[in-house]
Amino acid sequence: MNVSQEQLLVEKKHTGFIELQNISYGWKVGQKTLNQCNLSISSPGLWMIVGSNGSGKSTLFRLISGLIKPQEGHVICSLKPAFMLQNPDHQLLLPSCGSDLLLSLPPDLDPSQRSEEINSALRQVGLQNMADRPIHTLSGGQKQRLALAGALASKANLLLLDEPTALLDPFSQRSILEIVQKITRKSNKRPITALWITHRLEELTFCDGAAIMQQGRLGQWFSGEQVMKTFM
Ligand SMILES: Nc1ncnc2c1ncn2[C@@H]1O[C@H](COP(=O)(O)OP(=O)(O)OP(=O)(O)O)[C@@H](O)[C@H]1O
Ligand SMILES: [Mg+2]
């Protein structure tokens, strides 16, 4: 990187963005899961990624969130990430909705702020008044909405959604899509950037842009409809 490129990155870092430059990563020596992969997002919205099994989409998420470091290239992300996984049972830990959300809250809140934040996160996902409800009594769709509430309560401004609707029926799928679409709108006070991996092509109609992961690289952003057509 030359000086002007570095200056540009420092400037962009303050505006909230993600930039991956020529990232390579292999889980095994001599094998490149990601190969000179680039990605750039500079405004909030709902961004979707499609690609075949094993093409490196989840690996890309780990790189963006900093869980793993690239072997080549640069990851610059000025946003605070939170994950939402395919199976909510893999991320809900405590017995009740409220106690589980407590884990996600910033540590410096007093008890009344904590309860306010928990109720607000539950309201945003349509689970109002369910703070005391035992998690094992929730349906799969409700559990997934609780996982989303956890991400919101953490004050993350980057949601990394790894096939979040894969286990859901069409009704619950739509409800998660609509909630995420709503919180990413630029008209919000604190719009969120959502990166959403999907194999369910009909979801592409909800996004602000979509890209295809292929041969270790992410293609350029197109409209969801354009990407859908390439698979039909
Ligand atoms: N922790 C790991 N250890 C070793 N290899 C891994 C690990 N995680 C992923 N891989 C390998 O990296 C490649 C890409 O996997 P990744 O999970 O990123 O793909 P994906 O695009 O998310 O696939 P899917 O659509 O099936 O979820 C695969 O060959 C996989 O076996
Ligand atoms: Mg995956």
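Structure summary
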| read-out | value |
| --- | --- |
| Considering residues of the stretch 59-78 that are among the β-branched types (Val, Ile, Thr) and in a strand (DSSP E or B) only, the residue farthest from ligand 1 (Cβ to nearest atom) | Ile76 |
| Filtered residues of the stretch 63-98 (kept if near ligand 2 (Cβ under 10 Å from one of its atoms) and of a type outside the set (A, V, I, L, M, F, W, C)) | Gln86 |
| Residue in the stretch 193-204 that is within 16 Å of ligand 2 (Cβ to nearest atom), of a type in the set (Asp, Glu) and surrounded by fewer than 22 Cβ atoms within 10 Å (Cβ to Cβ) present | no |
| Residue match in the stretch 144-162 (condition: out of contact with any strand residue (DSSP E or B) (no Cβ under 6 Å at 6 or more places or on another chain) and more than 24 Å from Arg190 (Cα to Cα)) | no |
| Selection status of Arg217, on the phi < 0 side of the Ramachandran plot and free of Cβ contacts under 8 Å to residues at least 60 places away in the same chain | no |
| Contacts under 6 angstrom Cβ, first residue in the stretch 105-130 being part of a helix (DSSP H, G or I), partner loosely packed, with under 13 Cβ neighbours inside 10 Å, 6 or more apart | Leu122/Gln128 |
| Residue match in the stretch 165-184 (condition: buried (at least 20 other Cβ atoms within 10 Å of the Cβ), within 16 Å of ligand 2 (Cβ to nearest atom) and part of a strand (DSSP E or B)) | no |
| Matching residues in the stretch 174-201 - criterion: being more than 13 Å from the chain's Cα centre (by Cα) and under 14 Å from Glu163 (Cβ atoms) | His199, Arg200, Leu201 |
| Subset of the stretch 13-58 that is in contact with a Cys (Cβ under 9 Å, 6 or more places away or on another chain) and either assigned to a loop (DSSP other than H, G, I, E, B) or hydrophobic (A, V, I, L, M, F, W, C) (or both) - its residue that is nearest to ligand 2 (Cβ to nearest atom) | Gly56 |
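For every residue, the table says whether it meets (1) within 16 Å of ligand 1 (Cβ to nearest atom); (2) of a type in the set (Gly, Ala, Ser); (3) modelled with pLDDT of 95 or more.
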| residue | (1), (2), (3) |
| --- | --- |
| Leu158 | no, no, yes |
| Leu177 | no, no, yes |
| Val180 | no, no, yes |
| Lys186 | no, no, no |
| Ala210 | yes, yes, yes |
| Gly219 | yes, yes, yes |
| Glu225 | no, no, yes |
| Met228 | no, no, yes |
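The values are calculated or read from the model by the stated rules, or taken from the named source; none is laboratory data. All values derive from a computational prediction rather than experimental measurement. As a convention, Cβ positions derive from the backbone with ideal geometry for all residues, glycine included, and neighbour counts pool all protein chains shown.
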